Structures are given as structure tokens and as C-alpha cells.
Amino acid sequence: MDTHADIFARCQALVQHYSRRDAETHMVRAIRRGDFEAVAPGSFSEDFPAPIIANQIDTMARDMSATLAPLPSFNCLPSSILNDRSKAFAEKRTKIAHYYVECSNLQAQMPDAVDSYHGYGMFVGEVRPDFKSKMPKIKMLDGGFAYPTWDADFNTIEILFVAYMSDRQLAGYYPQAAAKVREQSNGRGQERIKVHRFQDAKTNLVYLPDYGNLVVDYAPNLMGRCTYVAVPRPMGEDWFAVPRGAYADLVWPQLAANEFRMLGLEAVDKSVRAPIVVPTDVPDVPFGPDATIHTNNPQGVGRLKIDVPQGAFQATELLEQDIRQGGMSPGSRSGNINASVITGRGVDALSEGYSQQVAMSQSRIGFGLQLLIELCFEMDEKFWPEETKEIRGQSLDNPGRESYVPSRHIKGDYSVTVDYGFLLGLDANRALVFILQAQAAGLLSNDTAARNLPIKLNLAEEQNRIQLEQSRNALLQATMAYSQAIPQMLSNGQDPSQAVAQLAAIVKGIGKGEAIENVVAEVFAPPPPAPAAPEQAPPQDPMAAMMAAAGGVPGGTPADPNAIEGRPDLSSLIAGLSGSGKPNLAASVMRSRPA
């Protein structure tokens with residue numbers, strides 16, 4: 001195992017390797033917060049102490065962040081679609097993956113994470129064990145402060161992450177280290193303390209490089225692999241190159257655009273404040289409202305003309321175009337659309353390069369999210385294999401809660417599919433319109449359309465919900481159709497009181513919050529059968545009884561015990577209503593005897 005000194009040396013080498021990225025990141029951060037003076041000292045004057053143009057870099061970054069922030073769909077696919085057990089196993093893992101995403105508040109972290117990817121060149125996240133809730137959680141980090149090393153398969157094998165804390169924040173995490181910092185600072189408070197966090201497959205180390213590499217925390221890595229995921233932007237070189245943000249080359253064009261804008265305002269100011277020129281026959285120049293100048297040459301009165309070259313304004317427009325082109329942000333993103341291309345195809349043509357950038361970024365971000373979910377599965381099974389956990393959420397078979405055990409419901413299968421579907425390269429609105437149009441044209445099945453929606457869904461459970469809603473709607477429609485029979489009953493002279501009572505009972509049950517299927521089943525349940533009356537023997541003929549006791553007809557053949565008995569008596573009772581609504585009752589008895 002490496003010593004602390006070896007780790008310190010490796011961290012220093014990582015910082016030197018990423019030194020160019022750090023310099024560019026520092027400039028981009030300064031420009032985005034409007035601190036142009038930190039990048040180009042002396043670029044402002046007393047008349048213009050702050051930037052006077054829109055911060056195009058920050059605007060483009062926020063627009064791209066909003067486009068890339070929606071989460072893709074997370075699904076665990078079964079090994080066989082024909083095996084019910086395999087489908088149930090995959091469905092359970094899909095619910096677990098969604099639970100990781102929800103408990104980590106991943107959607108709320110995505111805007112900053114994708115902003116870091118596009119602006120500073122890296123999408124970085126960490127899977128941390130939450131021992132209080134006994135589950136893994138995903139924490140997205142700023143890629144501008146990450147210094148990773150990858151293997152040939154794009155896995156992060158070691159990483160240094162730099163954070164800055166005040167002494168108060170440091171005391172909350174590491175009280176002993178904060179005390180030593182105050183001691184070395186002679187009791188003075190520190191607002192910016194650099195903290196290095198290093199991790200590889202064996203070690204977790206936290207130390208303070210500015211305080212003699214003071215180690216504040218050390219622990220072995222129980223996972224046996226790096227729990228950080230770092231995905232860089234395409235670098236155009238090999239894996240050992242340094243990733244760059246999309247706006248590193250746009251810093252100086254924006255500074256130049258601001259300089260041209262200040263010069264233009266200065267030229268306008270000087271032309272407005274130019275000296276007044278009068279003819280030689282004017283001895284004195286009066287000032288003030290409605291002042292009158294007496295001269296024989298009124299055409300000679302005016303301000304001195306200052307020529308401003310038109311090329312200056314053209315240069316400003318060219319700089320703005322270069323900034324948009326460098327950031328792959330077409331004018332249609334900010335509403336600057338020429339009236340001749342306001343059609344859908346024209347806007348799509350203007351946004352073609354932008355859509356390609358979005359699609360490429362989504363593929364990289366989706367890969368990073370896939371690695372993070374797989375790490376969550378692995379950590380959950382390794383740290384809490386036999387712990388029974390509850391998935392809180394909406395479920396049909398068990399509303400609100402559903403339990404799982406990692407060793408039984410994960411079983412070493414950490415695979416997950418992360419897919420943007422038709423959202424790839426499109427914003428959510430256009431993706432939804434495209435899906436609905438393709439589905440209406442019969443080009444997509446309902447299942448394929450649902451899997452590619454720009455929202456995360458549990459597809460199997462959502463299908464069950466749809467079927468349940470359709471069944472309940474069918475019951476409700478049947479009940480409404482039953483109510484339409486009441487006027488017909490009245491017109492026929494029938495008594496509708498029973499139908500009215502049943503409908504009223506259904507309304508009351510629904511008002512109490514009961515499910516309509518339960519209410520309908522209870523209201524229209526068949527009445528319980530009436531208890532059977534004790535059978536009474538029919539009056540017996542004395543002569544027949546004596547003959548039966550004697551074994552048959554006197555002088556005749558004895559009764560055969562195996563003879564076929566006659567059928568039992570059949571009694572029928574028919575009740576109904578006549579056309580005038582009066583009750584009608586008919587009864588009959590039929591007896592059968594063997595021939």
C-alpha cells in the first residue's frame with residue numbers, strides 16, 4: 001500500500017497535469033461572474049467600471065444547462081422477455097434504480113452537473129454510503145475541481161478532488177483539523193482553506209496541502225474500486241489528454257466585444273458633446289433654452305462632425321457572431337430569427353449544429369449516469385446485503401411502500417440501461433411532439449413511445465395503472481348508462497326506487513373515498529339465498545302405506561327395491577309486474593311418475 005508521501009506526490013503530479021485546464025477554468029469562471037478585471041486588468045475606466053455588454057458566455061452556458069438537465073430513462077432489462085421470473089426480477093431492480101435517483105435528488109443536481117460538463121470539460125459524480133438510511137446516494141460535483149485518471153475502458157481508477165472551506169465549515173466535518181488550522185493561523189479565522197480528497201481502489205485520504213499536508217481523515221476503500229465517476233468532453237486526443245470546456249476560447253472575443261462597445265459609446269458621447277461651430281460674423285454665442293444666434297450664414301452653425309468608421313460597428317457584429325459560433329449557440333436560441341426562415345424547417349436548419357452538440361453531450365452524460373447507478377447497485381449489495389429496505393413511492397399492489405433485500409433482489413446484476421430515446425439531440429417539447437406524431441401515424445407502438453418519453457417512468461407499473469384507470473372508467477360509464485334507464489322505467493310505469501337507491505349508494509361510497517370497483521361490487525351483490533324451509537312429507541294414502549308395508553299390491557308381485565323411483569315434485573313460482581305496474585304472481589306444481 002502506498003504511503004502518505006507517495007499519495008502526496010501523485011496528487012501534485014495530477015495538479016500539474018491539469019494546470020492548463022485550471023488556468024482556463026479560472027478565466028471562464030471570472031468572465032461568467034462578470035469579473036473581467038481579473039482576466040484583463042486595466043480594461044475598464046472610471047466612466048465604464050463594469051461590463052456594458054450581455055454576458056454571452058454565461059447566457060449560452062445556462063441555456064445549454066437547461067437543455068441537458070432533464071434526466072433520461074432508467075430501466076433494467078430482463079434476460080428473457082418470455083420468462084415471468086426474469087421480468088419480475090428486472091422490474092424490481094428498475095424500481096430500486098429509480099429509488100436511488102429520487103433519494104439522491106438527482107434531478108435537482110443535474111443543472112449544475114451538466115453546466116460543469118459543458119463549461120469546464122467534465123461530468124463528475126460520486127456514490128457515497130449513507131449509513132444512517134443504509135443506502136447509497138449520488139452526489140454530483142464540480143468538474144472544474146476534479147483531477148481524475150482513467151484506464152483504457154474509461155473507468156476512473158484514481159481521482160483528486162479539490163474543495164475550499166472556511167474554518168467554520170471545516171470544524172463541522174473535521175473538528176480536530178480545524179483546531180490545528182486555527183493554531184497555525186494564530187487564532188485568525190480562515191475563509192478559504194484548500195482541502196484535497198484523494199481516492200483510488202485502496203485508499204481514501206483527506207488532507208490540507210497548505211498546512212504541511214496535514215492529514216485530517218484516512219480510511220481504506222471498502223468498495224475495492226473508485227466510487228467516483230468522471231466523464232470528460234471529447235478531447236480530440238487520447239485518454240491521457242486534458243479535457244477543455246466549451247467556452248475557454250471565447251473569453252478574449254467577449255473581452256474584445258466589450259472593448260469595442262465602450263469605444264462606440266465613447267465616440268457617440270464625443271459626437272454629442274462636440275464643440276459648436278459658428279460663422280465669423282457671430283461675436284458671441286448665447287447658451288440656454290431658446291437662445292438666438294444672429295448670423296448671415298445659418299448653414300455654418302452646428303456641432304463639429306466627428307467621423308466614426310462604420311467598420312467599428314461591423315467588427316462588433318462579427319465578434320458577436322464568432323462568440324455564438326464558438327459556443328454552438330445559434331441566434332434562434334435567443335430569439336434572433338430572420339423573418340425569411342421563421343418556418344419550422346428554417347429554424348431546424350439554424351439549430352442543426354446545436355442539436356448535434358446536444359446529442360453528443362447527452363450520450364456522454366448518459367454513460368456517466370449509467371456508471372453511477374451501477375455503482376449504487378454494487379455498494380448497496382456489498383454494504384447492506386441482508387438489510388430489508390423500503391421503497392417509498394406510488395405502487396399499485398402496495399401503495400406507498402415496497403420492500404427489497406439487496407442480496408435477493410440485486411444478486412450481483414448491476415446492469416442498467418440509460419436511454420434518452422427520442423430526446424437525444426432535441427429539447428423535451430420537440431421530442432414529445434415527434435413521439436406523438438409517430439405514434440399517431442402508426443410508426444411506433446405504445447410501449448416504444450412510453451419508453452422514449454422525455455420523463456422517467458416505471459413502464460410495467462405505468463401500464464398496470466393505465467389498465468386500472470381504463471377498467472374504472474368502464475365501470476363508471478356502465479353506471480351512468482344504468483342511470484339512463486330510470487326515465488324509461490318511469491315511462492313504462494315501473495318502480496325505479498331500487499335503481500335510484502343503488503345509484504345513491506354508489507355516489508355515497510365514492511364520496512367516502514372508496515374505490516368504485518368495491519362500491520359497485522357491494523351495491524350490485526346478489527342477495528343471499530333464503531334459508532330452505534324444512535320439507536314436509538305429503539299426506540300419505542293409508543291404503544298405499546299398508547300396501548307398501550305388505551311389500552306391494554295384495555296378491556301381486558312384491559315391490560322391487562331396485563326399481564326406479566319417480567322424479568321429485570317440481571314447484572315453480574313466478575313473480576313479476578304487469579304493464580300497469582301491478583304485481584303478478586303465478587305458482588304451479590308438476591309431478592312425474594315412472595311409467
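Quick notes
- Among the listed pairs 92/382; 87/202; 137/194; 134/180, those beyond 27 Å (Cα-Cα): 87/202; 134/180
- Shown for 369, 319, 468: other C-beta atoms within 10 Å of each C-beta, ranked fewest to most, produce the order 468, 319, 369.
- Binned Cα-Cα distances of region 1-157, short to long, each 10 Å bin given as a whole percent: 9, 23, 28, 22, 12, 5, 1, 0
- Sparsely packed trypsin sites (Lys or Arg not before Pro) within region 133-211, loop by DSSP, other Cβ within 10 Å at most 11: 188, 192
- Footprinting exposure proxy ranking of 211, 99, fewest other C-beta atoms within 10 angstrom first, gives 211, 99.
- Each residue in 303, 451 was given a count of other beta-carbon atoms within 10 angstrom of its own, and listing them fewest first yields 303, 451.
- Pairwise label distance in nanometres, residue 213 with residue 480, each label 7 Å out on the Cα-Cβ vector: 7.7 nm
Every number in this text was worked out from the coordinates using simple rules, so none of it is lab data. Bear in mind the structure is a predicted one, so any value in this text is a computation, not a measurement. All Cβ positions, glycine included, derive from the backbone under ideal geometry; neighbour counts span all protein chains shown.
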